[in-house]
């Protein structure tokens with residue numbers, strides 16, 4: 001299984017990011033999703049709001065932060081591989097090193113759930129997690145995630 005290529009862009013892939021906390025990670029994701037400061041603030045707040053409901057850590061050092069965004073017309077995804085794992089308040093207590101974030105339009109309920117399920121499914125594959133941990137370019141990451 002792979003994810004739709006339309007979700008990703010090489011500019012929304014960050015490798016070996018140096019972030020010190022969950023909050024800094026969410027800020028880095030917001031910056032990947034938009035160059036506009038007001039949009040970054042809204043994205044950050046929505047991601048943080050969702051995390052307050054419960055951690056989006058999946059285990060296996062993977063997190064899947066996600067949010068619904070009012071101004072968004074199409075779903076978008078971003079990927080960050082951290083230089084050092086950070087605490088993500090995940091149920092298993094795992095620190096997180098691989099992060100796929102998903103933003104969907106406010107009204108995209110079914111699509112949102114399908115995309116989340118698809119992402120969670122592919123990250124259950126140990127071989128994929130290992131390949132993502134060693135890939136050297138954003139393009140290689142996108143190839144692994146989308147099959148393209």
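Just so you know, all these numbers are worked out from the coordinates, no wet-lab data involved. Worth saying up front: this structure is predicted, and the values here are computed from it rather than measured. Cβ coordinates were reconstructed from backbone atoms using ideal geometry, including for glycine residues, and neighbour counts include every protein chain displayed.
Points worth noting:
- Cα gyration tensor category, rounded, prolate or oblate, for the chain with a/c compared to 1.5: rounded
- Here 146, 121 are placed in order of increasing Cβ neighbour count within 10 Å, fewest first, which gives 121, 146.
- Whole-angstrom gap from region 23-76 to region 92-115, using each part's C-alpha centre: 9 Å
- Computed over region 75-148, Kirkwood Rh from alpha-carbon pairs, angstrom: 13.5 Å
- Among 35, 87, a tally of other beta-carbon atoms within 10 Å of each Cβ gives an order, fewest to most, of 35, 87.
- Rounded to the nearest 500, the 222 nm mean residue ellipticity of the chain from helices alone is -13000 deg cm²/dmol, with -39,500 (n - 2.57) taken per DSSP H run of at least 4 residues.
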